[in-house]
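The values are calculated or read from the model by the stated rules, or taken from the named source; none is laboratory data. Everything numeric in this text was worked out from a predicted model, so none of it was measured. Every residue, glycine among them, receives a Cβ derived from its backbone with ideal geometry; neighbour counts consider all protein chains shown.
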Amino acid sequence: MNAFDEAMHVGLRTAIAKVADDKSVRVMIVTGSGRAFSAGQDLGERAATFMKGDLPDLRDSLDRNYNPLIRALAELPIPVIAAVNGIAFGAGAGLAIACDVILAAATARFQFGFINVGLGPDSGASWFLPRLVGQARALDLALTGRPVAADEALAIGLVSRVIVDEALLDTARSIAGELAARSPDAITAIKRLMRAGLLGSLGATLDAERDAQAALGHTEQYREAVLRFSQPRK
């Protein structure tokens, strides 16, 4: 389900770097293969750490993987389209809302379920989410960790459009084509000004998320949640 392990982080950051270096690329689409956009952090990796008797270093994980990923996306001068084709959970939901245009398949679901494993938000979620849906809704979604269906996501401003599943990628490519035909300088200016117009620093928010996760990653609640999620399910 496109969970984030070390290989996923390296692959995605490499792809973004290639896009950033290729001036012929005018738009980027991020989507998931299979039935999920991304299930968030691979808890199997974390479970292996606990099973060895060690504590995970979430500060290092965010500094080395998640924060550079979100910064790289935000700093791309070209628009990034998220085509959310299924569940976007935790860091997967954070990745989706860090993109510029967020399309959701009709069967997509968003879940900022950090609370479900005893953690606070990361991947920029505490910065992007209130700006998209407002403080009250953001707190509701973060504190309850409940799933949000595509129709509700559209109604509350979490996504730009909801598309029937079969047409999701075609629609994303059509929008990409429209954007690629526009002035690249104007596109860059719009993205830069829209991002800069929001109060508060994304960088400072990412650092604050990292500091909170570093402490929460050592709690017994997180250890138990990781080990529970990693067990085989019927």
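Looking only at helices (runs of 4 or more DSSP H) that lie completely in the stretch 1-68, which have at least 3 residues being charged (D, E, K, R)?
6-21
Condition check: at negative phi, touching a Ser or Thr at 6+ places or on another chain (Cβ under 6 Å) and surrounded by fewer than 24 Cβ atoms within 10 Å (Cβ to Cβ). Does A47 satisfy that?
Numbers: at negative phi: yes; touching a Ser or Thr at 6+ places or on another chain (Cβ under 6 Å): yes; surrounded by fewer than 24 Cβ atoms within 10 Å (Cβ to Cβ): yes.
It is true that A47 is at negative phi, touching a Ser or Thr at 6+ places or on another chain (Cβ under 6 Å) and surrounded by fewer than 24 Cβ atoms within 10 Å (Cβ to Cβ).
With respect to the numbered conditions (1) closer than 27 Å to A189 by Cα; (2) assigned to a loop (DSSP other than H, G, I, E, B), which one is the sole condition not fulfilled by A74?
That leaves (2) as the condition not met.
Any chance the stretch 105-115 includes a residue that's in contact with a Gly (Cβ under 9 Å, 6 or more places away or on another chain), part of a helix (DSSP H, G or I), at pLDDT 95 or above and under 23 Å from S33 (Cβ atoms)?
yes
Exactly one condition in (1) within 20 Å of A108 (Cα to Cα); (2) among the hydrophobic types (A, V, I, L, M, F, W, C); (3) more than 19 Å from the chain's Cα centre (by Cα) is not met by M51; state its number.
Among (1) within 20 Å of A108 (Cα to Cα); (2) among the hydrophobic types (A, V, I, L, M, F, W, C); (3) more than 19 Å from the chain's Cα centre (by Cα), M51 violates only (1).
Taking the residues in the stretch 172-211 that are of a type in the set (S, T, N, Q) and more than 17 Å from N67 (Cα to Cα) as candidates, determine which candidate is modelled with the highest pLDDT.
Kept after step one, since they are of a type in the set (S, T, N, Q), are these residues of the stretch 172-211: 174, 183, 188, 201, 205.
Those still in the list that are more than 17 Å from N67 (Cα to Cα) too: 174, 183, 188.
Values: S174: 98, S183: 91, T188: 90.
Across the stretch 172-211, the extreme among qualifying residues is S174.
Just to verify a result, which residue in the stretch 139-159, among those that are over 13 Å from A104 (Cα atoms) and without any contact (Cβ under 8 Å) to a residue 12 or more places away in the chain, is surrounded by the fewest Cβ atoms within 10 Å (Cβ to Cβ)?
L139
Name the residue, out of L43, L58, L62, that is in contact (Cβ under 8 Å) with a residue 60 or more places away in the chain and touching a His at 6+ places or on another chain (Cβ under 9 Å).
Sole residue among the options that is in contact (Cβ under 8 Å) with a residue 60 or more places away in the chain and touching a His at 6+ places or on another chain (Cβ under 9 Å): L58.
Identify all residues within the stretch 77-97 that are among the hydrophobic types (A, V, I, L, M, F, W, C), more than 16 Å from Y222 (Cβ to Cβ) and assigned to a helix (DSSP H, G or I); write none if there are none.
A93, L95, A96, I97
Let me spell it out: the conditions are (1) out of contact with any Phe, Trp or Tyr (no Cβ under 7 Å at 6 or more places or on another chain); (2) under 21 Å from N2 (Cβ atoms), and I97 meets all of them except one. Which number is the exception?
Tallying (1) out of contact with any Phe, Trp or Tyr (no Cβ under 7 Å at 6 or more places or on another chain); (2) under 21 Å from N2 (Cβ atoms), I97 fails exactly one: (1).
Yes/no per residue for (1) without any contact (Cβ under 8 Å) to a residue 12 or more places away in the chain; (2) surrounded by fewer than 12 Cβ atoms within 10 Å (Cβ to Cβ); (3) among the polar types (S, T, N, Q):
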| site | (1), (2), (3) |
| --- | --- |
| E178 | yes, yes, no |
| A181 | yes, yes, no |
| P184 | no, no, no |
| A189 | yes, no, no |
| L202 | no, no, no |
| E209 | no, no, no |
| H218 | no, no, no |
| Y222 | no, no, no |
| F229 | no, no, no |
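I'd like the full set of residues that are buried (at least 24 other Cβ atoms within 10 Å of the Cβ) and either farther than 25 Å from A215 by Cα or of a type in the set (S, T, Y) (or both), limited to the stretch 57-85.
Kept after step one, since they are buried (at least 24 other Cβ atoms within 10 Å of the Cβ), are these residues of the stretch 57-85: 58, 62, 66, 70, 82-85.
Residues satisfying the conditions are Y66, A82, A83, V84, N85.
Residues of the stretch 88-117 being among the hydrophobic types (A, V, I, L, M, F, W, C), surrounded by fewer than 24 Cβ atoms within 10 Å (Cβ to Cβ) and touching a residue at least 60 places away in the same chain (Cβ under 8 Å), which ones?
C99, V101, A105, V117
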